[in-house]
Amino acid sequence: MDSGVLDVVGARLYFEVRGSGPALLTIIGGGSDAAMAAPLAEALSARYTVITYDRRGATRSPLTGPPAQQRVDEHTGDALRLLDATGPDPAYVFATHSGAMIALDLLARHPGRVRRLVAHEPPVFGLLPDGARWRRLAEELTDLHAREGIGPALRKLGEETGVPAPPEPDPGLPSWVRAMLTRMAANLETSVLYELRPFSAFVPDAAALRAAPVVLAYGAHTRGRPLHRTTLAVAELLGTTAVELPGDHVGYLRSPAEFAQALHDLLTP
């Protein structure tokens, strides 16, 4: 595994590169970092050159100015610069949760840079019939954080979305997992404060994406939950159908080998 730092507008992005073959960029959800995608990257490294990274403001990718509300298109610019740094050829992209929103925007704005995208459980709540309630939730969580702190805000977010907050680091867990969970606590606070509200207003560019090489996917164990509903809503917007991948919202972390094979089959049909 090689690592490096890329200067972008407003931040310095830490990234990791594994394997050989065509480029595959992974974009993980807010609160996570490159470690979350590392087991999947290892499982795919015999087939792809896998790029993982810490998104701006998370862990090893510090902002170079004061914190501010982060727009989807800012993160899209980061992903584009990472791809440009790896070479001129179009890349495969796997993206999950809010990372999938970034990847959908990347494909819409820069279609020549993406060979095929698998967008896993994008939380585009604005497409749901009760979209206004979800937009209000972003404001409520910000207010709850101001009154009671990040713990209660994350618990409410988990209750509403069906994705529980990360557990406290357990001494019985591998050291890298404990370290990742510790970092996620700080990253999630940044996500709630500076990402949640602007991201909650995002809707994919349907006109640009209807004929694009994109697969919408959800976890088998997510069926019936809010992120399954949002995935189906995005698929309907784009005139396609969503497919199922192994596991739950973090199936790529729990069962990386099984998930990697299923993902490869979607990327190279």
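The values are calculated or read from the model by the stated rules, or taken from the named source; none is laboratory data. This structure is a prediction, so every number in the text was calculated from the model and none was measured. Here the Cβ is made from the backbone with ideal geometry for all residues, glycine too, and neighbour counts use every protein chain on show. Surface areas here come from the heavy atoms of the whole protein model, side chains and all, with no ligands, DNA or RNA. Shrake-Rupley method; radii C 1.70, N 1.55, O 1.52, S 1.80 Å.
So the values come out like this:
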| item | result |
| --- | --- |
| Considering residues of the range 151-174 that are modelled with pLDDT of 85 or more and open to solvent by 40 Å² or more (accessible area, probe 1.4 Å) only, the residue farthest from Gln70 (Cα to Cα) | Glu159 |
| Members of the range 218-252 found to be touching an Asp or Glu at 6+ places or on another chain (Cβ under 7 Å) and either surrounded by fewer than 15 Cβ atoms within 10 Å (Cβ to Cβ) or at positive phi (or both), listed by number | Ala220 |
| All positions within the range 16-49 that are in a strand (DSSP E or B), open to solvent by 20 Å² or more (accessible area, probe 1.4 Å) and touching a Lys or Arg at 6+ places or on another chain (Cβ under 9 Å) | Gly19, Ala23, Thr49 |
| Odd one out for Thr142, checked against (1) open to solvent by 60 Å² or more (accessible area, probe 1.4 Å); (2) in contact (Cβ under 8 Å) with a residue 40 or more places away in the chain | (1) |
| Single condition Val203 does not satisfy, out of (1) more than 14 Å from Leu117 (Cα to Cα); (2) open to solvent by less than 30 Å² (accessible area, probe 1.4 Å); (3) out of contact with any Phe, Trp or Tyr (no Cβ under 7 Å at 6 or more places or on another chain); (4) of a type in the set (Val, Ile, Thr) | (2) |
| Flag for Asp105 being of a type in the set (D, E, K, R), open to solvent by 60 Å² or more (accessible area, probe 1.4 Å) and farther than 14 Å from Thr231 by Cβ | no |
| Qualifying residue in the range 181-192 (condition: farther than 24 Å from His145 by Cβ and exposed (fewer than 15 other Cβ atoms within 10 Å of the Cβ)) | no |
| Pairs with Cβ under 6 Å, 6+ apart, first in the range 113-131 and farther than 17 Å from Ala208 by Cα, second in a strand (DSSP E or B) and open to solvent by 10 Å² or more (accessible area, probe 1.4 Å) | Glu121/Tyr218 |
| Flag if Leu263 is in a helix (DSSP H, G or I), over 25 Å from Gly126 (Cβ atoms) and in contact with a strand residue (DSSP E or B) (Cβ under 8 Å, 6 or more places away or on another chain) | yes |
| All positions within the range 244-269 that are touching a helix residue (DSSP H, G or I) at 6+ places or on another chain (Cβ under 7 Å), free of Cβ contacts under 8 Å to residues at least 60 places away in the same chain and not charged (D, E, K, R) | Pro246, Gly247, Gly251 |
| Candidate set from the range 161-211 (those that are part of a helix (DSSP H, G or I) and among the β-branched types (Val, Ile, Thr)); member that is farthest from Arg55 (Cα to Cα) | Thr161 |
| Qualifying positions in the range 119-136 - in a helix (DSSP H, G or I) and open to solvent by 10 Å² or more (accessible area, probe 1.4 Å) | Phe125, Gly126, Leu127, Ala132, Arg133, Trp134, Arg135, Arg136 |
| Sole residue being touching a His at 6+ places or on another chain (Cβ under 8 Å), under 24 Å from Ser20 (Cβ atoms) and touching a residue at least 12 places away in the same chain (Cβ under 8 Å), chosen from Ala91, Ala85, Ala100, Ala95 | Ala95 |
| Residues satisfying the stated conditions in the range 71-113, i.e. outside any loop (DSSP other than H, G, I, E, B), more than 15 Å from the chain's Cα centre (by Cα) and acidic (Asp, Glu) | Asp84 |
